[in-house]
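The values are calculated or read from the model by the stated rules, or taken from the named source; none is laboratory data. Quantities reported herein were computed from a predicted structural model and do not represent experimental measurements. When we count neighbours, we look across all protein chains shown, and the Cβ atoms used for this are built from the backbone with ideal geometry, even at glycine. Side chains included, ligands, DNA and RNA excluded: accessible areas come from the protein's heavy atoms. Shrake-Rupley method; radii C 1.70, N 1.55, O 1.52, S 1.80 Å.
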Amino acid sequence: MKIFTVAVTAVLALAFAPLPGSAAELPSPLAPGAPFPHILQEAPTVETIAPGVEYGEYVMDTTAGPLAIHVVAIAPHRSDVTVGEVLANDVLESHGETVGAMAKRTAAVAGINGDYFDIGNTNRPTNVVVRRGVLLQVPRKRYALAITRDGYPQITEFSFLAQIAIGSSSTSIDAIDQLPPPNGGTSLLTPEFGNVAPEENLTLIALQPLGGTPPLTRYRVTAVADNLKTQPPGYYVAVGPGAYDAISVPSAGDLVSASGDLSPIGLDSLATAIGGGPLILHGGAWYDDSDGPNGGEYDKRIPCSGAAIAPDGRLFLIEVDGRQPSVSVGITRREFAALMRALGATEGMAFDGGGSSTMVARRLGDSTTEMVNSPSDGRERRVANGVFVYSSAPVGPAVRLVAQPESIRAVPGAQVKFRVAAVDAASHVAASGGALAATVEPKSLGSFHRGYFIARHAGNGRIVLRRGALKGAIALEVRAAPTRLTIQPVAPNVAQGGSVQLSVQGFDPHGYPLSLPPRLHWKATRGSVDASGRYRAGSGNGTVAVRVGTAAATARVTVGSHEVGLAFAD
């Protein structure tokens, strides 16, 4: 036996023995320490989306700019909560799949993108893959998130040691579900590899499992396949020129034995392992992991995804939006580690970031997951795999009414649409009969009409919901005027004589968004603007202004275009 170049001896295993728990208990608000930028305003929202699973959304205004942070927290040691890996299209090499699509087809309650991958080519994840206890790809020298069969999360660097015996000859297994490189050795292929493309200088031996858990089990040779023709998915030994002297060509019916294991966590104890890296938080402090991936990009503010573990075994899946100045500017890795620490974690690692950073969650009152963040690509990117959360809590009768949004914050004249659903004790959407009755308390705040709350006067209260014997409530906050207004887009540009649709956002003193009336008091210079915010340009640059109560905002509109010489143009 030998340890192969694709694997490395684990230098650090991070394991915990958590006490049984039932609640994920996300903090609200968050208070990360240095080097996280100073928080000027914070608007946290935390909700339970399944027993033992919470979703938190933290919208911040910081000295570095706005930040949008999304967190799923999973309580430890619950028999009705499972964390697992999903491969794009259930194969290692594919055209990729969005996190949202993977979550919906596997009925997850939450999920996040996973490992770095061969983007635009095979879309294959780069590090270890263990799915439902089955090893599909051997590790490389990089940290991975592992979930043991008893549900405990760990972060570790894996190593792999295995061999294959055919008749009286044996040799090392250099890879799983990956063809040997030119002049390479021996690989085991499983159906998750997909079709086996034609390959010269390769002996392809078709196998039939005889029991156990593939790929490390006993097989019978069914045939020596034609390596110059595409072969269907199945079990194969792929022998490259580097192993020709060690393995003789077998005959149909010969027995094959593949044996080996991962370390420091063996496959008999492992349910899931998904790659990523680097490790950025260890023992509650920043960890400078040289195994990367690293580079100058990661010292800049970018969208980030990752996983972190608290000493009591709570697992956090974390996504921070970036590259969107009006939404979220992103964070550096050191700031990401500080954020993990603020959640209560002492160990944490990064997943693939940038345009891949995506989170989905089944919000309270929804039957399926939806994307909860704003990807920097402007849409979901197809990725290689992800980490997903599942709830097996039984479906029961409806016990209460819930609404989205859970709280309504508005100014007089706003018309806020909300939807109501019945849920059972496990937060699953449940059937309920009867018409919905909604009563505004106190009545002076506004009225309910056909699914809309129409705000009238400032004050605090609630909307009481009733449908048959079921009850629920929506918290109400009606403010006379916003504390702050912003106009979007931040720097509008329009052709001469053209038009652009502007919008305005209002915020309360804590940074929570306020719903505004559909038609506002807009004004414009060197152009015109109507009550809906549609600006029509004049002959030159202009300005627009909007007022809501005592709050006001202005923006400069650039009209037309002109050439600007850049220093590198010559």
| Nitroxide proxy distance, nm - points 7 Å out along Cα→Cβ at ALA475 and SER407 | 0.3 nm
| note | Out of THR439, ALA34, ALA273 - ranked by how far each Cα lies towards the positive end of the dipole of the chain, with unit charges on the beta-carbon of charged residues - the top one is THR439
| Among bridges DSSP assigns within the chain, what percent are antiparallel (round to 5)? | 95 percent
| Where only alpha carbons of segment 182-229 are counted, the Rg and the Dmax (Å) | 11.5, 32
| said: Give me the extension gain from ALA285 to HIS38: residue separation times 0.36 nm, minus the current Cα-Cα distance, reported in nm with one decimal. | reply: 87.0 nm
| query | Which value in Å is the Kirkwood Rh of segment 88-140 over different Cα pairs? | reply | 11.9 Å
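If I compute solvent accessible area with a 1.4 Å probe over the protein chains, what percent of it on the chain is carbon and sulfur?
In the chain, the share of accessible area belonging to carbon and sulfur is 51 percent.
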| Distances over 48 Å make up what percent of all Cα-Cα pairs in the chain? | 24 percent
| remark: Whole-Hz Karplus couplings 3J(HN,Hα) for segment 82-94, θ = phi - 60° and coefficients 6.51, -1.76, 1.60, Gly and Pro as x, run 10, 10, x, 9, 10, 8, 4, 6, 6, 9, 6, 10, 7
| message | With equal scatterers on the alpha carbons only and no solvent term, can you work out the Debye log10 of I(q)/I(0) for segment 416-471 at 0.13, 0.14, 0.24, 0.26 1/Å? | response | -0.38, -0.43, -0.97, -1.06
| request: Would you mind giving the three semi-axes, in whole Å and largest first, of the ellipsoid equivalent to segment 393-526 according to its Cα gyration tensor? | output: 36, 18, 13
| In whole Å, what are the Cα extents of segment 25-164 along the three principal axes, biggest one first? | 59, 36, 29
| field | At R0 = 41 Å, FRET efficiency that the Cβ-Cβ distance of LEU255 and LEU436 yields, to 0.05 | value | 0.05
| request: May I ask for the net charge around GLY506, where only other residues with Cβ less than 12 Å from the Cβ of GLY506 are counted and Lys, Arg are +1 while Asp, Glu are -1? | output: +3
| task | Could you name the aspartates and glutamates whose alpha carbon sits less than 20 Å from that of LYS471, not counting residues in the same chain fewer than 8 places away? | result | GLU47, ASP366, GLU406, ASP424, GLU441
| query | Put a dot 7 Å past each Cα toward the Cβ at THR483 and SER444; how far apart are the dots in nm? | reply | 2.3 nm
| request: Compute the distance in nm between two label points, each set 7 Å from the Cα along the Cα-to-Cβ direction, one at ARG534 and one at ASN195. | output: 5.1 nm
| said: Please list the three semi-axes, largest first and in whole Å, of the ellipsoid equivalent to segment 263-390, using sqrt of 5 times the eigenvalues of its alpha carbon gyration tensor. | reply: 23, 20, 15
| How much of the calculated P(r) for segment 377-445 lies past 18 Å, in percent of all Cα pairs? | 62 percent
| note | Residue span ALA495 to ARG220: 0.36 nm per residue of separation minus Cα-Cα distance leaves a gain in nm of 91.9 nm
| query | Per the Kirkwood formula on distinct C-alpha pairs, the Rh of segment 282-344 is how many angstrom? | reply | 12.5 Å
| said: Rg and Dmax in Å for segment 148-284, alpha carbons only: what are they? | reply: 16.6, 56
| request: With a 10 Å radius around each residue's Cβ, average the other Cβ atoms per peptide and rank 338-347, 281-290, highest first. | output: 338-347, 281-290
| said: Quick check on segment 317-394: what does the Kirkwood estimate of hydrodynamic radius come out to from the alpha carbon pairs, in Å? | reply: 14.2 Å
| note | Cα-only Rg/Rh for segment 98-193 with Kirkwood Rh rounds to 1.01
| Straight-line reach from LYS300: which lysines have a Cα under 28 Å away, not including same-chain ones fewer than 8 places off? | LYS141
| query | Taking the Cβ-Cβ separation of ASP299 and ALA31 as r and a Förster radius of 22 Å, what is the calculated FRET efficiency to the nearest 0.05? | reply | 0.40
| query | So how much slack lies between LYS104 and LEU228, counting 0.36 nm per residue of separation and subtracting their Cα-Cα distance, in nm? | reply | 40.8 nm
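Nothing charged except the Cβ atoms of Lys and Arg (+1) and of Asp and Glu (-1): what's the magnitude of the dipole of the chain about its Cα centre? Round to the nearest 20 debye. Please list the in-between numbers first.
Working: 46 positive and 48 negative charges, 571 e Å.
I would put it at about 2740 debye.
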| query | Any idea which of LEU207, GLY295, PRO76 is furthest toward the positive side of the dipole for the chain, if Lys and Arg beta-carbons carry +1 and Asp and Glu beta-carbons -1? | reply | PRO76
| Given a cut-off of under 8 Å on Cα pairs at least six residues apart, what relative contact order in percent is computed for the chain? | 15 percent
